[in-house]
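Visitor: Before we start, here is the structure in question, set down as structure tokens.
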Amino acid sequence: MGVRTGAQYLRDLNQSPRELWIDGRRITGAVADDPAFRRIAASIAGLYDLQHQPDLHEEMTYPSPSTGDRVGLSFLTPRTKEDLARRRRMMQHWANFSGGIMGRTPDYLNSDLMALASASSFFNQNDPRFGDNVRRYYEYVRENDLCLTHTLINPQSNRAVGPSQQSDPYIAARVVEKTSAGVVIRGARMLATLPLADEILVFPSTVIRATEDDKPYAYAFSLPCSTAGLRFICRESFDYGRPEFDHPLASRFEEMDAMVVFDDVLVPWDRVFLLENGELCNRLYPDTDATVHMTHQVVVKNIAKAEFILGVASSIVDMIGIEQFQHVQEKIAEMIIAVETQKAFILASEANAHENQYGVMTPDWTPLNIARNTFPKVYPRLVEIVQQLGASGLMAIPTARDLSEPTLRRDIDRFYQARNTDAATRIRLFRLAWDLALSSFAGRQVLYERFFFGDPVRMAGALYFSYDKQPMKDRVAAFLERTPIPSPE
């Protein structure tokens, strides 16, 4: 089949009904036409259409090694440093489409799946069938250009004990039984962003103890989102159905987050990748380099997001004439540093890339690891700067309906004008800044970035233990050896 068009994605979404609940209502009609999801579905369709744009087709696709059809470049298994750069340029087009606001564009998990398939021998340690399952699944997703979501985290019930010690052992999704047809799963997982995906990956995240009681919670598998017994319970939507002029980001890029309930869901054997092996589940990401390739995509998204915010802030500065103030210059400089730092991280990761044990050209992990530890702290600050620069201008912004009212429009045109533009243009920019920095949608974006890769304290701890500090310690020791210790008189 090869790369899909936006129309094909929407058709497939409507032809694959899933049990999707929002605000106490089950979606019973076409998902792509439902008011709660219509506009985000259109945005995902827009991503797929970019692959068919004549001036981008070569930059976003490549010939499938299986069929020769054009498939998405995010599926490419990189063999050279230039391959990594090609994938990055493709990812940049998708990230720039939303200004980095969409965190779950398909290339994120495409990168993950590519790495896992390349490391198929890792899964054979659990069962010889599982390596073949991973490889065939990657090819299936690539050839059909599917959109994936994933769910990793157990419900936040009682974090003082593990899943097997909860008051109900089926709060966290676990294996109920194994049959000739597959594995039956019961319980729940969170947090699945983008329940409008075609398929869901259900993978381990937190450390799994290697005890008999914890074996039922150790697994990795995939399913179509339309699988019987699979239920998505969505949070409140931040797309309130208002005009795009009023909510320029939430109206387009509300990806949605959901709890995933497994009501005795059957996972066919050909969709199982790991099972009842806590040790392999804990080693999954480091041993396959999946995290490295996923983070490579995330940093591309973060660059686009930081650039977009810099663009909004700089436009405000220019529009209301505050560039002469030194504190404003300092704030914009801080944003520029954030942008260029993220760029440096990704370029360093590619420059120092190496071939891993599976023959995949893999970015250097250290700069990517620093990038993912940095951005959760940087992003809230970027948002804060927009708030500081916009100030009261972000608190008093007319709506599209206000601008349509002739009586109000006379006042609006007079009192909302800017130094170098008319009132309507100024209001349009400030509504964008508000949706980026102050709205409920903006609050979700900050929370999302704070915990994108998990607990930032644990991430810092992992960095502490994984970073090789010995060469620096040796250098200090050698320096001290050149400094004699005084002898007693």
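No lab work stands behind these numbers, since they all come straight from the coordinates. As the structure is a prediction and not an experimental result, all values here were calculated from the model. All Cβ positions, glycine included, derive from the backbone under ideal geometry; neighbour counts span all protein chains shown.
Visitor: Using Cα positions and a limit of under 20 Å, work out the lysines in reach of Lys215, with same-chain residues fewer than 8 apart set aside.
Guide: Lys178
Visitor: Given the chain, what whole percent of its Cα pairs are spread farther than 34 Å? Write out the running numbers ahead of the final one.
Guide: Working: 48339 of 119316 pairs.
Every Cα pair in the chain considered, those over 34 Å come to 41 percent.
Visitor: Take Asp289, Asp402 and order them by how many other Cβ atoms sit within 10 Å, fewest up front. Walk me through the numbers before you get to the answer.
Guide: On the way: Asp289 20, Asp402 15.
Arranged by neighbour count, lowest to highest, Asp289, Asp402 become Asp402, Asp289.
Visitor: For Leu347 and Arg159, what does the FRET efficiency come to when R0 = 35 Å and r is the distance between their Cβ atoms, rounded to the nearest 0.05? Before the final figure, lay out each step's value.
Guide: Details: r = 38 Å, r/R0 = 1.10.
According to the calculation, E is roughly 0.35.
Visitor: Still on this structure, please answer the following. Determine, for Ser74, Ser466, Ser98, the number of other Cβ atoms within 10 Å of each Cβ, and report the residues in order from fewest to most.
Guide: Working: Ser74 25, Ser466 11, Ser98 21.
Placing the least packed residue first, the sequence is Ser466, Ser98, Ser74.
Visitor: Next question. Using the Cα atoms as the points, what is the convex hull volume per residue of segment 227-282 in Å³? Walk me through the intermediate numbers first.
Guide: Details: hull volume 7.9 nm³, N = 56.
Residue-normalised Cα hull volume stands at 142 Å³.
Visitor: A further question on this structure: Ranking request for peptides 250-258, 147-155: highest mean number of other beta-carbon atoms within 10 Å first, then the rest in descending order.
Guide: Values: 250-258: 22.2, 147-155: 20.6.
With the highest mean Cβ count within 10 Å placed first, the list reads 250-258, 147-155.
Visitor: Taking Lys81 as the anchor, which lysines have their alpha carbon closer than 19 Å to its alpha carbon, excluding any fewer than eight residues away along the same chain?
Guide: Within the straight-line limit of under 19 Å, Lys81 reaches these lysines: Lys343.
Visitor: Please label the shape of segment 6-284 as rounded, prolate or oblate, based on the square roots a ≥ b ≥ c of the eigenvalues of the alpha-carbon gyration tensor (a/c under 1.5 means rounded; beyond that, a/b larger than b/c means prolate, else oblate). Walk me through the numbers on the way to the answer.
Guide: Details: a/c = 1.90, a/b = 1.20, b/c = 1.58.
Verdict is oblate for segment 6-284.
Visitor: Continuing with this model, one more query. Can you put Ser118, Ser314, Ser404 in order of Cβ neighbours within 10 angstrom, beginning with the fewest?
Guide: Numbers: Ser118 24, Ser314 15, Ser404 12.
Final ranking by Cβ density, sparse to dense: Ser404, Ser314, Ser118.
Visitor: Across every pair of different alpha-carbon atoms, what Kirkwood hydrodynamic radius in Å does segment 87-219 reach?
Guide: 16.8 Å
Visitor: Still on this structure, I have one more. When only alpha-carbon atoms count, how far does segment 289-473 stretch along each of its three principal axes, as whole angstroms with the largest first?
Guide: The Cα atoms of segment 289-473 stretch 70, 33, 28 Å along their principal axes.
Visitor: Starting from 0.36 nm per residue, how many nanometres of slack lie between Glu279 and Ser315 once their C-alpha separation is accounted for?
Guide: Numbers: separation 36, 0.36 × 36 = 12.96 nm, distance 5.12 nm.
Gain in length upon complete extension: 7.8 nm.
Visitor: Counting alpha carbon pairs within less than 8 Å and at least 6 residues apart, what relative contact order, in whole percent, applies to the chain?
Guide: The normalised contact order for the chain reaches 16 percent.
Visitor: Normalised by the residues of segment 363-487, what does the relative contact order come to in percent, with Cα pairs under 8 Å and at least six apart? Let's see the in-between values first.
Guide: Values: 63 pairs, mean separation 37.8, N = 125.
RCO, segment 363-487: 30 percent.
Visitor: What percent do you get for the relative contact order of segment 1-136 when only Cα pairs under 8 Å and 6+ apart count? Display every interim value, and only then the final one.
Guide: Values: 130 pairs, mean separation 24.4, N = 136.
Once normalised by length, the contact order is 18 percent.
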